[in-house]
Structures are given as structure tokens and as C-alpha cells.
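The structure under discussion appears below in the form of C-alpha cells.
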Amino acid sequence: MFKLQKLSILIISFLVLTGCDVLYTSNKQLKTYTHKSEKVLLICDDLYGELEVITNIIQSKVSCTLYSIGDYQKPDMNQYDIILIGTTPIEDEPSVEMIDFLNQMSLKNQKVSTYWIGAMNNQIYESHIKQYIKSNNILPGLGFNNDEISEKELITYFIYEWLLMIY
């Protein structure tokens, strides 16, 4: 919970410093954010089914294509402007399947960001996965602990703010 509070303070500070406002509807639900021209691909490696919560929230906020790394046909990365990579850390490392997938892909011209659940140390995990991403434009990622996933309203807020920052 302490890490979530730190992330909250960081995001709020960023928003205040940049002059951003959070958009709420009358019933306090976060609005869907859509960008007019950028195509988004969600690449997901959900080993234990925990990422489904985050992936579903992202899909409800952004028009995107979902690709599971277990799927037979690989996506054409050149069709997308933004790539969001969802992973399940194993001892602060991406899975072997995700590493193999990223080693085969060139994301050179795309904006790339990551999201995950369950790293022992979010900063270490983010630095490790970035080593495998071949992109000139790696954006900040978003990580949650396993126990934070039950707080759906709060994680929806953080996901929304993260999407505004990277999108």
C-alpha cells in the first residue's frame, strides 16, 4: 500500500506541475480517453490471470488491439504507434516467453510502455524489461503489487493517469 501511496503522490505532483486536470463524469467515473490518430497494440503475457484486471481497464479506456504472446500469428508492429506490454514478473524478470517474443520484435519507431503485477521491486523489474525492448522511445511503465489489484477504483484512477501521461 505504501508504494501505491508514493505512486499517487508522484502522479498528482506531475499533474499539478504540468497543469493537467483529471476528467470526471458526474458519477465520478473516469472518462474513456481516445486519441484520434494513434493505433495502440496491447501485448499481454498473463501467466496467472492477474493482468486481466488491468488489461480490461486499459481496453475500456483506449481503443486498442489485444495480442497474447501465445497466439500463433504475430502482429505487424509497423501498424501501431504505441505498444503497451503487459507482463507477469518472475523474480523481477520478464517470463522466458516474453523475452523470446521481444528478442524477435523490432519496436524501433513505436512508443513503448509496460504494465505489470507482482514485481518484488518495481524499479528493478522495469529496468530489466527495458533491456529487452528495442525502441528509441520507451515510456514510463506502471506496476502494481498483487494485493493492490482488489482496489479497483484506485487502480482505475492510476491506469487512467498513466494513459494520459504516455498517450
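The values are calculated or read from the model by the stated rules, or taken from the named source; none is laboratory data. In this text the structure is predicted, and so the values were computed from the model without any measurement. Methodologically, a virtual Cβ is constructed for each residue, glycine included, from the backbone with ideal geometry; neighbour enumeration extends over all protein chains shown. Accessible surface areas use protein heavy atoms only, side chains included; no ligands, DNA or RNA. Shrake-Rupley method; radii C 1.70, N 1.55, O 1.52, S 1.80 Å.
Could you look through segment 138-167, keep only residues that are within 13 Å of L51 (Cα to Cα) and outside any helix (DSSP H, G or I), and pick out the one that is most open to solvent (accessible area, probe 1.4 Å)?
Going through the qualifying residues, I end up with N145.
So, in segment 110-167, exactly how many residues are free of Cβ contacts under 8 Å to residues at least 60 places away in the same chain, within 16 Å of E91 (Cα to Cα) and under 12 Å from the mean Cα position of the chain (by Cα)?
2
Suppose we filter segment 68-96 for residues that are out of contact with any Asp or Glu (no Cβ under 6 Å at 6 or more places or on another chain), surrounded by fewer than 19 Cβ atoms within 10 Å (Cβ to Cβ) and under 21 Å from Q110 (Cβ atoms); how many remain?
Counting residues in segment 68-96 that are out of contact with any Asp or Glu (no Cβ under 6 Å at 6 or more places or on another chain), surrounded by fewer than 19 Cβ atoms within 10 Å (Cβ to Cβ) and under 21 Å from Q110 (Cβ atoms) gives 9.
Which residues, taken from segment 107-137, are of a type outside the set (A, V, I, L, M), open to solvent by less than 70 Å² (accessible area, probe 1.4 Å) and touching a helix residue (DSSP H, G or I) at 6+ places or on another chain (Cβ under 8 Å)?
Result: Q110, K111, S113, T114, Y115, W116, G118, N122, Y132.
Is it the case that L51 is hydrophobic (A, V, I, L, M, F, W, C) and modelled with pLDDT under 85?
no
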